[in-house]
Amino acid sequence: MMINELLNPWMLIALTAMAIPLIIEWLFRRRRKQIPFPAMRYLMNPKKRRRVRIQDLILLLIRTVVPGVLVIALARPLLRPEAGRGTDQALRHVVIVLDGTYSMGQSIGQTTAFEVGKTMAQDIVRGLPKDTLVSLIYLGNRPEVLKDRAADRDSVHDAISRIKVSDMSGRMADAVEAVEKMLAADGSKGSAEVYLISDLQRSTWSATPEDQRDPKASLARLARQHGMFVLDTGGANAFNAYLTRFEPKEKVTAVGMENRYEVDIEAKNMPANGKLWLTLFADEDKAATTSPAGQKPGKLITRELIAADLPGGRATIVLPHTFVEPGEHLLRVELEGDGLATDNQRYYLANVPANVEVLIIDPKHDAAPTADPLVSNSGQLRNAIAPRTPPGFDRLSPFAVTVRRSDEVLQLNLERFAVVVMANVGNLSDALVSRLEQYVGDGGNVMIFVGDAVTPYEYNTKLLKSGKGLLPCELEPALGLMPADALSKMKAAPDKAAELLHGLAYAASDPHPAVANVRQMTRQPAPPSISRRMPFKLHGKTGELGRPVVYLSNKQPLACERTFGQGKVLLVGTSADASWNYLVYTSEYLVLVQELMRWFVGEPDRGVNLQIGQSIQQPVLLSSQYLLLRRPDFTKVRLAPLPQGNLWRVTYDQTDRQGIYEVDTSAEVMSRRRFAVNLVATEGDLTRVEPEAFQRELDRAGVHYWGPDKAIRRAVESRHSIKEYAWLFLWGVLGLLAIETLLATRFGRRRI
Amino acid sequence: MADQPPDSRHYFDPAVISQLKGLTVRTRRVVEGVMLGMHKSPFRGISAEFAQHRSYVPGDDLRHLDWKVYAKSDRFYVKQFRQETSLACHFVVDTSESMNYAGGGALTKFDYAATLTASFAHLVISQQDAIGLTLFAENVRTTLSAKSTFGHLSNMIATLENVTATGLTNVGGSLGPVAGYLKRRSLVVIVSDFLDDTEPFSFGLNRLRYDGHDVIVLHLADPHEQSFPFTGPSILEGHEKSGRLVCDPRDLREIYLEERKTHLEEIQSLCRGLHYDYQEISTAEPLDVALATLLHAREALTGQRRTAFA
């Protein structure tokens, strides 16, 4: 202990009081009475008189020292704190790093690790003396300096109280680097103190194959010059279950069609008797009024899960749901029963139309109610696209088909159709071609079936346009017999069956995504049923044109596709009806058509269902100067649409919170205005670094470890506060007086 | 210290005398003397124990006439005594400056000593023993040889009255000349405050022992010397150039009493070893008590009670 300051140094003048006992002693001697006494010989023993003299000196010394000690006590001696006091040029600098990664949301008792951490941070600030500069770094996905050398402690308190745990994971190595950078800016102006508050999750602290940095090594480096402290919020490898995926199995859906929502769950450290509850909510954002179809928003299904339901800590749960109303629906799944709630929910925004509209352009279409659809070019196709749902069954297909003749198409608004199918359409007008090109260029999809009415020359000229048109590939004249003729010939020459009728085949490896599931769904291939087709020429002068989708059993492409503008075009080299093949009568045809339709439609909700860190991007249909985006944390951001080619688009990158982001505008401006951003569960494993080994490493590095039970404020105060030791000296005075009394009594000087 | 020199009659305070009557001084050893009295002696003489009557012949000492027989028989008979050695009681009285101290007592130590000596001398004279006196300080100042007359007693008293207590205490150095002065075995009564070293005193006592004398040591002490009751800041001025001490007497009381006790034990031990009577007498004690205490103690030693206290 080194006392290096006195609060009342002027009190030292009173040290002259130490002369009082000497003066009293002198006065005492002056006022002695004279006593003649004969028996002096008994008082003249030199040894004993020396003893008495020494006793007198001891007592005089104590009596002289007591006023001195009292004066020092009144002068209020102060002790230099352990922590560096900074220098004359720079005040003391304390940096607080608060781990805000989403694992800090784990429960610890009645609170969370993050709240514990905030309390620790508040206690640190409270324990610091006034002349301290405080910096606050918050570690979310990346370190963020919230306060830089703030002298106003109230503002630091305020900043700490306002911060919330992040929905993102982060790396402590990033935070330590930020600290290093900040302290490097201080230069050599004294030493600083750094307090890192964390739940010590391995995912945050340990090096990984992707990130080899070890924060402990950086801490050791800093510890050579600065005071380094790691504060542990606690948490004991809590059981945590988290959701990693929530999406419908069928990306294309419609009202009345059952969709199966798949939820992937992972669980770490689940006890044998642990339980989880998975609940599906729908449309919680809507008022709780009963819809005309009778579906209440809110909780739909709850499933209870035990450890056995998650073998290996993983499971995929399927939650079926059928929408009864068209529109955009917000689905949410929530998991309960573990220690960390942050990663226990996921959102899905589903745009559910009444129907997914498909237009079939069929020159032979007869709109009369009594007309036989199978007579047209597209009867079987119509049934394949939109099969009739038997009563009492859920809808089988989301598609609804509209059939029009070629001349009627120009009056239609093609944008409402997800797919336009051309079924053996000949005599293409320029207007129709232009209209189709515009439609596909804007994102529409066209499926072209050939037939007798289709002439390769016309299509190659009007639709291929040397590779610049819609057509994916060059058509060649048709080959093969009509199906009836092929069958007859097959009976006559069975050995030539393979030449007469062909089945469907798909690429064994890397099949086209449009047909990736067909074989799995059909289980058995359809018998060869295609006798007549138009071959394709896939390579043109400008290079490869379309990409094959389906092959014939003779490995010749039957269907190929290409992208045109924002849309897709699929060319099928046979007829949509039974005029060129019997495929239309097979179940494979049904499956194939459905899969192709779905491929065309794609994932309409993909752009609105994102993960943290992914950008929100949406085209803006009408010009707008600014658009207001509401974030899940109730803050608002202004977005400015930016031109991108012919379109305007808004982009937002700061998706750092899970939840619903909503652009405050109308459907005319933006078709999709809500975006679901889900957490990336990279901190699902709440395994902490091994505490004892961690502490040993910190010790070796010269870094102090403070556990959850440490009295933070007191510890910081003891490091920083100038201690006053007047009380010690006052006790010293009392002690000396007690000693003086004891000695005086012992020496016979005090007579009670 | 008394303002007026005590009247010689104070030495013969009637209260003291009446208490001392019947007490006899006894000696442990046969002391030669010519005094008629109660002491046994190997020699026969006038001061002898009554043996028989014989007819008076002119020239006999009329003091020895037995008047009772004459009253009864109308005849003059003289008492015949067995020959007793007459007791010579020699008082050695300290007249040093330290004896001139009256702290807690009514009398200075010297006044007390003188009173005590005169009383004891009177007693001795009454026993028809001889009394002598030596006054000493740093050396012998006055010596009166032992005589058994009352006139001598008066002389002694007068000597005591005329002396001034002054000078250093030198008990040991004074006993030597006393021993040389005493021609016959005597009872030596040393009256002093003994504020002196023990060793020379021991030499003196041994000298007396060697010469066959009996010694009674009367150690006079003032109550203040006994209790050292002084308090407060003081300057103790020593007598007989013994020094000056600035102190709070309370601080030194323990040491003083310890030293005094040691010194007294030395003297007592010395006296015990020589089979001498030792008595510490406080000047606050009544004289008759002091004398009675002394004589009773003396009688306890010899086993006889003198008829002077009948």
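The values are calculated or read from the model by the stated rules, or taken from the named source; none is laboratory data. Everything numeric here is computed off the predicted structure, so don't read it as measured data. Cβ: placed from backbone, ideal geometry, glycine included. Neighbour counts: every protein chain shown. Only protein heavy atoms, including side chains, enter the accessible area calculation; ligands, DNA and RNA are left aside. Shrake-Rupley method; radii C 1.70, N 1.55, O 1.52, S 1.80 Å.
Computed over region A:413-464, the P(r) tail beyond 11 angstrom holds 69 percent of alpha carbon pairs. Interface residues of region B:246-285, defined as a loss of at least 30 Å² in heavy-atom accessible area between the chain alone and the complex of all protein chains with a 1.4 Å probe, are B:Val246, B:Arg250, B:Asp251, B:Leu252, B:Ile255, B:Tyr256, B:Glu258, B:Glu259, B:His263.
Peptide B:221-234 shows a mean partner chain C-beta count of 3 within 10 Å per residue C-beta. Taken across both chains, chains A and B shield about 3000 Å² of accessible surface from a 1.4 Å probe. Each Lys or Arg adds one and each Asp or Glu takes one away; over the other residues whose Cβ falls under 14 Å from the Cβ of A:Glu336, this sums to +1.
Our summary gives chain A a relative contact order of 15 percent, counting only alpha carbon pairs under 8 angstrom and 6 or more residues apart. Dipole check for the protein assembly as shown: with +1 at the C-beta of Lys and Arg, -1 at the C-beta of Asp and Glu, and the Cα centre as origin, the magnitude is about 3540 Debye.
Once you divide the Cα radius of gyration of region A:373-458 by 2.2 N^0.38 Å, the number left is 1.20.
Separation of region A:168-242 from region A:696-716 is 13 Å, based on Cα centroids. Over region A:627-707, the reciprocal of the mean inverse Cα-Cα separation, the Kirkwood hydrodynamic radius, stands at 16.6 Å. Remark: region B:111-204 projects, on average over all directions, an area of 5.6 nm² (convex hull of Cα atoms).
Once you have the Kirkwood Rh of region A:510-603 from its Cα pairs, apply Stokes-Einstein at 20 °C and 1.002 mPa s and quote D in µm²/s. The Stokes-Einstein estimate is 153 µm²/s. Dipole of chain A computed with +1 at Lys/Arg Cβ and -1 at Asp/Glu Cβ about the Cα centre; of A:Met228, A:Pro373, A:Leu470, farthest Cα towards the positive end is A:Met228. Across all directions, the shadow cast by the convex hull of region A:589-642 built on its C-alpha atoms averages 5.8 square nanometres. Averaging the inverse of every distinct alpha carbon separation and then flipping it gives the Kirkwood radius. What is it for region A:140-255, in angstrom units? Every distinct Cα pair counted, the radius reaches 17.2 Å. Based on alpha-carbon atoms, the Kirkwood radius and the radius of gyration of region A:580-719 give Rg/Rh equal to 1.29. Looking at the protein assembly as shown, the accessible area is 46 square angstrom per residue; that uses a 1.4 Å probe and ignores ligands, DNA and RNA. Charge tally around B:Ala137: other residues with Cβ under 14 Å, Lys/Arg +1 each, Asp/Glu -1 each, net -3.
Annotation: chain A has a Kirkwood hydrodynamic radius of 33.5 angstrom, from the mean reciprocal C-alpha pair distance. Rounded to two decimals, the Cα-based Rg/Rh of region A:222-344, with Kirkwood Rh, is 1.16. Within region A:560-611, the proportion of C-alpha pairs whose separation exceeds 18 Å stands at 46%.
Projected onto its three principal axes, the C-alpha set of region A:91-198 covers 40, 26, 17 Å, listed from the longest axis down. Note on region A:307-439: Cα-only Rg and Dmax are 21.9, 68 Å. Taking only the Cα atoms of region B:228-277, the radius of gyration and Dmax are 14.5, 43 Å.
Taking the convex hull of the alpha carbon positions in region A:307-376 and averaging its projected area over all directions gives 9.4 nm².
Each Lys and Arg contributes +1 and each Asp and Glu -1, all at the Cβ; summed about the Cα centre of region A:158-308, the dipole is approximately 160 debye. Of the solvent-accessible surface of chain A, computed with a 1.4 Å probe over protein heavy atoms with every protein chain present, carbon and sulfur atoms account for 53 percent. Helix A:153-162 and the longest principal axis of the C-alpha atoms of chain A enclose an angle of approximately 30°.
Cross-link partners for B:Lys261 among the aspartates and glutamates, with Cα-Cα distance under 13 Å and sequence neighbours closer than 8 places in the same chain left out: B:Glu225, B:Glu280.
Working note: 222 nm ellipticity from helices only, DSSP H runs with n ≥ 4, each -39,500 (n - 2.57), summed and divided by the residues of chain A, gives -8000 deg cm²/dmol to the nearest 500. Compactness of region A:474-543 is given as radius of gyration and Dmax, 15.1, 44 Å, from Cα positions. Farthest towards the positive end of the charge dipole of region A:416-530, among the residues A:Val440, A:Val425, A:Leu504, is the Cα of A:Leu504, using unit charges on the Cβ of Lys, Arg, Asp and Glu.
Packing here is the average count of other Cβ atoms within 10 Å per residue, and on that basis the peptides A:354-361, A:502-509, highest first, run A:354-361, A:502-509. Taking 25 Å as the limit for the C-alpha separation, the pairs A:Lys249/A:Lys555; A:Lys118/A:Lys710; A:Lys118/A:Lys299; A:Lys286/A:Lys636; A:Lys164/A:Lys299; A:Lys147/A:Lys723 exceed it in the case of A:Lys249/A:Lys555; A:Lys118/A:Lys299; A:Lys164/A:Lys299; A:Lys147/A:Lys723.
Going by a 1.4 Å probe on protein heavy atoms, which residues of region A:18-40 end up with at least 30 Å² less accessible surface in the whole assembly than in their chain alone? Listed by number, the residues meeting the 30 Å² cut-off are A:Phe28, A:Arg32, A:Lys33, A:Gln34, A:Ile35, A:Pro36, A:Phe37, A:Pro38, A:Met40. Report the net charge of residues surrounding A:Leu139, where surrounding means a beta-carbon distance below 10 angstrom and charges are Lys +1, Arg +1, Asp -1, Glu -1. Summing Lys and Arg as +1 and Asp and Glu as -1 gives -1. Ranking A:Thr745, A:Val637, A:Pro708 by Cα position along the charge dipole of region A:625-752, where only Lys, Arg, Asp and Glu carry charges on their C-beta atoms, puts A:Thr745 farthest toward the positive end. Relative to its Kirkwood radius, the Cα radius of gyration of region B:185-242 gives an Rg/Rh of 1.13.
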